[in-house]
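Inspection log for the structure reproduced underneath, given as structure tokens.
The values are calculated or read from the model by the stated rules, or taken from the named source; none is laboratory data. Owing to the predicted nature of the structure, the values given are computational and were not obtained by experimental measurement. Cβ atoms come from the backbone with ideal geometry, glycine included; neighbour counts cover every protein chain shown.
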Amino acid sequence: MQPKDLKKLIARGESATLEFKEFHNTTQKSSQKSSQKSSQKSPQITKGETGTRLLATIEAKPDVTVPELMRLLGLSESGVEWNLRKLKVAGRLRRIGSTKAGHWEVVNTAAGDKQ
């Protein structure tokens, strides 16, 4: 029975007997494929494209805020913070000054100087 048919029955005040089938194997296989695709794709985006876009944005505007980065990069707050943390740990980025009055500095890893 389709959902629209069930809605019609309910609207008319009639009752219906529904039969539920188990789709456990299909769901399990589908979610396994989905998680495999995610795990294969995420490291490439994080290590390459997102980090590069984040660094380019910060180079263009060192006083950029997390909400601005969220909007510009299409990431969640935790996504931006995760990428910032990874770049800081890798030595590619450092924060100069306070959270409100400070700015970001992109570090050139080859020379150890700022770009």
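For this structure, a couple of remarks:
- A count restricted to region 55-69 and to residues that are acidic (Asp, Glu), surrounded by 13 or more Cβ atoms within 10 Å (Cβ to Cβ) and touching a strand residue (DSSP E or B) at 6+ places or on another chain (Cβ under 8 Å) stands at 1.
- From the options Leu84, Leu75, residue that is at pLDDT 90 or above and over 19 Å from Asn108 (Cα atoms): Leu75
- Residue count for region 70-110, restricted to those that are under 23 Å from the mean Cα position of the chain (by Cα) and surrounded by 12 or more Cβ atoms within 10 Å (Cβ to Cβ): 20.
- Taking the criterion of being in contact (Cβ under 8 Å) with a residue 40 or more places away in the chain and over 17 Å from Lys100 (Cα atoms), the residues of region 56-90 that qualify are Glu59, Lys86.
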